[in-house]
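Reading through the structure tokens given below for one structure.
Nothing in this text is a laboratory measurement; each read-out follows from the coordinates by a stated rule. The shown structure was predicted, so the numbers you read here are calculated from the model rather than taken from an experiment. Note: ideal-geometry Cβ built from the backbone for every residue, glycine included; neighbour counts use all protein chains shown.
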Amino acid sequence: MGQLDILHETTYGHPMDVVEEVMISRDWPFSRSQDDELAGEFRGKWCDLQIHFAWSEEIAAIHTACSFDFRIPDAKRAKVHDLLALINDKLWVGHFCVWQDDGLPMFRHTQLLRGADGATPQQIEDLLDVAIVECDRFYPSFQFVVWGGKEPQEALDAAIIEPIGKA
């Protein structure tokens, strides 16, 4: 019976360096204003998306925020908050919120890395991919509520079709 070699030495360095490498590999524009922060942008299925990564040494976590390119008008915020509750019920990781200062809808997730040797490129790719998929998936719901005048449940139902059964 063989043994698994679980004592391999792999160190990825500062998590923001790994984020930077992934952004370069995807050929996405970004800026790194500080050692612990990086901001970039890319084209989603429906709109341009802004992404922000921040590293907290204190809690050994990397925070990801991905925002849409529009703001929620004050008159629509109550309905959008109802929509957020419906959307967040469908998520496994992360959540949607509205940044109160600017009315900016965004997807957020924090990955804890305590005890790890930093973030792996695969973890960063997963963070990006989840943010992109969820933003693309729920963008129409926000549009239906904000610009289409639909009720939150109606907007959610119209925007996503959940698979039923097996193909």
Largest first, please: the extent of the C-alpha atoms of segment 44-88 along each principal axis, to the nearest Å.
39, 23, 18
Using 0.36 nm times the number of residues separating S56 and R32, minus their current alpha carbon distance, what extension gain do you get?
7.1 nm
The Kirkwood hydrodynamic radius of segment 9-76, taken as the inverse of the mean 1/r over all distinct Cα pairs, in Å, comes to 13.4
Rounded to the nearest 10 degrees, what's the angle between the helix 15-25 long axis and the longest principal axis of the chain, both from Cα atoms, 0 to 90?
70
Which ordering of S31, S141 is given by a fewest-first count of other beta-carbon atoms within 10 Å?
S31, S141
How big is the convex hull of the Cα atoms of the chain, per residue, in Å³?
172
